Amino acid sequence: MVGEAVRDRLRSWERREVVGLAVIGVLVVGGAAFWYLRSLPQQVKIEATGPSGAGPGANVPAGSASPSASPSASPVEIVVHVAGWVQRPGVYRFQAGDRVIQAIERAGGARKGADLRSINLAAVLVDAQQVVVAKAGVGTSTSTTGSSSGGTSGTSGAAPTQELINVNTATLEQLETLSGIGEVLAQRIIDYREEHGPFATVEDLLNVSGIGDSRLADIRSDITV
C-alpha cells in the first residue's frame, strides 16, 4: 500500500513538472517573439496632401509639377500714336504683338484715298511708335518708333525719315494728313497765312480758329515753319 501511494505521488509530481515546464516554455517562446518583433524596423505611413492643403486621400491632378502653379504673366501694354489720314487720329493702347493694321483699325480705319501701299500693315507695333497714314499722292505713310536710335518698323527694316510738313508752304491736301486736321482747319491755316503772312513759329498756329494747345501738341512733331 505504501509503495503504491508513493508511485501515485511521483506520477502527480511528474505531471505538474511537465505542465510547469510547458508553461515556462510558452512564456520563453512568447517573450522571445515579442522582443524580436519590437526589434524590427517600424513602417511609417505617409499620406499624400493635395496641392491646396487638402486632407489625406485628396486627389492630385495628373501632371501637376508642383503644389502651387506660377501665375501667367500679364500681357505687356504699349502706347502708339496713330496720325494722318485716318478717321480718329490719336494715342491708343495696344497689347504687345499687335500689328500696324490693328492700330489703323482702332483709329476708325483709313480715310478714303489713304496711301496704304507704302506702309507695312503686318509690322509688329512697339511702345512709343507713331503710325502716320498719308493721303495717296501726298507724302508717304510711315511707321516710326520713339526710340533714341530712330529705329522703325517697315517692310525692309530700314529707318525712313518722316518728312515734316512746312505749314507756310503746305498744300491743303498736305495739311489734311496731320493728326486732327481736316479740310476745314487746313483751309483756315492757309487763309490765315495768306492774310497775316508766314507763321514765325509753330506756336503761331494757336492764332488759327479751331487750333488749341491739345491739337497743336498732336501735330507739333510733324510740322515746321
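The values are calculated or read from the model by the stated rules, or taken from the named source; none is laboratory data. These figures come from a predicted structure and were not determined experimentally. Ideal geometry is used to build each Cβ from the backbone, glycine not excepted, and the neighbour counts take in all protein chains shown.
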Tell me, which residue of the range 85-118 that is β-branched (Val, Ile, Thr) and within 15 Å of residue 177 (Cα to Cα) is modelled with the highest pLDDT? 104
Within the range 122-136, can you find the residues that are of a type in the set (Gly, Ala, Ser) and modelled with pLDDT of 90 or more? 122, 123, 128
Anything in the range 180-225 that is more than 20 Å from residue 164 (Cβ to Cβ) and among the aliphatic types (A, V, I, L, M)? List them, or say none. 184
Give the residues of the range 137-186 that are of a type in the set (S, T, N, Q), at pLDDT 70 or above and not in a loop (DSSP other than H, G, I, E, B), sorted by residue number. 142, 143, 144, 166, 174
I need the full set of residues from the range 167-192 which are under 38 Å from the mean Cα position of the chain (by Cα) and buried (at least 16 other Cβ atoms within 10 Å of the Cβ), in order please. 176, 177, 178, 179, 180, 181
Can you pull out the residues in the range 110-131 that are closer than 24 Å to residue 76 by Cα and not aliphatic (A, V, I, L, M)? 120, 127, 129, 130
Could you look through the range 74-113, keep only residues that are more than 20 Å from residue 221 (Cβ to Cβ) and among the small types (Gly, Ala, Ser), and pick out the one that is surrounded by the most Cβ atoms within 10 Å (Cβ to Cβ)? 110
Residue within the range 193-207 that is over 16 Å from residue 86 (Cβ atoms), β-branched (Val, Ile, Thr) and either surrounded by fewer than 16 Cβ atoms within 10 Å (Cβ to Cβ) or touching a Lys or Arg at 6+ places or on another chain (Cβ under 6 Å) (or both) present: yes
